[in-house]
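Notes follow the structure.
Nothing in this text is a laboratory measurement; each read-out follows from the coordinates by a stated rule. No experiment lies behind these values; they were computed from the predicted model shown. All Cβ positions, even for glycine, are placed from backbone atoms using ideal geometry, and neighbour counts span all protein chains on display.
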Amino acid sequence: MTNNPDQKNVILLLTRPQDGNEQFCLKIKHLLQKCEILDNPIQKIEFLPALSEVKKNSVLIFTSINGLRSAEKYNLINKKCFVVGENTKRVATSLGYEVLGFASNQENLLKLIKSNKPSENMVHIRGKHTVGNLCDSLKRSAVSCMDIVGYNQKPLKIKKKILQKIQSGRPVILPIFSSRSAKLIESNVDLTGFNVVVISEAVAKTLTGTELGELVISKKPDLNSMQEATLAILRRLIKFDISTS
């Protein structure tokens with residue numbers, strides 16, 4: 001290891017789709033100058049045409065920003081919604097939506113909607129690959145819900161030049177935001193020795209067969225907690241880097 005942190009010996013591998021990697025870096029640039037950032041989305045978002053007519057008085061459910069983007073592409077006039085995540089809430093509000101409620105994850109959002117006992121029809125606009133079925137759960141609680149697949153998450157490969165870097169023996173930090181992403185990344189690269197930050201216990205379980213350098217589960221399933229956990233590992237690696245000659 002080098003004792004000069006300016007040489008950026010530590011690698012941060014970011015694999016979120018579209019502008020997700022840029023969003024991840026926004027609030028933590030001051031420390032990211034100490035590492036080399038490799039941007040390689042493992043999924044590409046492909047928006048699909050609306051398959052069903054949405055009633056005017058329906059309340060939309062967004063469990064991701066991409067669901068919100070899908071609704072905008074459909075030019076829906078519906079402006080009431082429930083959302084997962086602070087960032088999704090922020091974007092929805094900026095686009096003129098009335099956010100009736102939000103939660104940190106889908107499970108808690110489901111509980112919130114059920115407790116509100118909505119009389120309107122609910123419409124969940126989601127990706128093709130999701131965990132669980134929110135609409136079916138609502139229907140079992142006598143809440144009317146329509147399920148719309150608004151986008152597909154097309155798998156992508158880790159680029160050859162990035163593979164060469166992350167397999168060179170340098171310390172690598174890898175934040176992972178979903179079980180699907182974890183499986184796609186594992187199908188591309190051997191994660192042995194990687195320092196991995198995951199957004200939930202469920203994602204951690206997909207990596208149990210790999211001998212990681214470190215596995216950290218985010219305190220909360222949100223962007224801020226993932227950023228904090230990633231920076232905690234980066235600080236430790238930089239400190240170790242400086243003190244090792």
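Before moving on, here are some points about what is shown:
- Summarising the strand pairing of the chain, around 15 percent of its internal DSSP beta bridges are antiparallel.
- 3J(HN,Hα) along segment 205-213: 5, 6, 10, 5, x, 10, 8, 7, x Hz, from the Karplus curve 6.51 cos²θ - 1.76 cosθ + 1.60 with θ = phi - 60°, whole Hz, x for Gly and Pro.
- When the Cα gyration tensor is reduced to axis lengths a ≥ b ≥ c, the ratio a/c stays below 1.5 for segment 45-153, which is therefore classed as rounded.
- Cβ crowding within 10 Å ranks 135, 25 as 25, 135, fewest other Cβ atoms first.
- Packing around the peptides 113-121, 223-231, taken as the average count of other Cβ atoms within 10 Å per residue, puts them in this order, highest first: 223-231, 113-121.
- Measuring against 18 Å, Cα to Cα, the residue pairs 8/44; 55/80; 44/220 contain 8/44; 44/220 as the ones spanning a longer distance.
- Entries of 73/219; 159/219; 111/219 with Cα pairs more than 22 Å apart: 73/219; 159/219
- Cys residues of the chain that find no other Cys beta carbon under 4.7 Å: 25, 35, 81.
- Loop trypsin sites (Lys or Arg not before Pro), segment 173-231 (other Cβ atoms within 10 Å of the site Cβ: 14 or fewer; DSSP): 219
- Charge sum, other residues only, whose C-beta stays under 12 Å from residue 196's C-beta, Lys/Arg counted +1 and Asp/Glu -1: -3
- Protection proxy ranking of 155-166, 191-202, by the mean of other Cβ atoms within 10 Å over each peptide's residues and highest first, is 191-202, 155-166.
- Note on 124, 129: ascending count of other Cβ atoms within 10 Å places them as 129, 124, the fewest first.
- Semi-axis lengths (Å, descending) of the ellipsoid that matches the C-alpha gyration tensor of the chain: 37, 17, 16
- At most 11 other Cβ within 10 Å, DSSP loop - trypsin sites (Lys or Arg not before Pro), segment 33-111: 56
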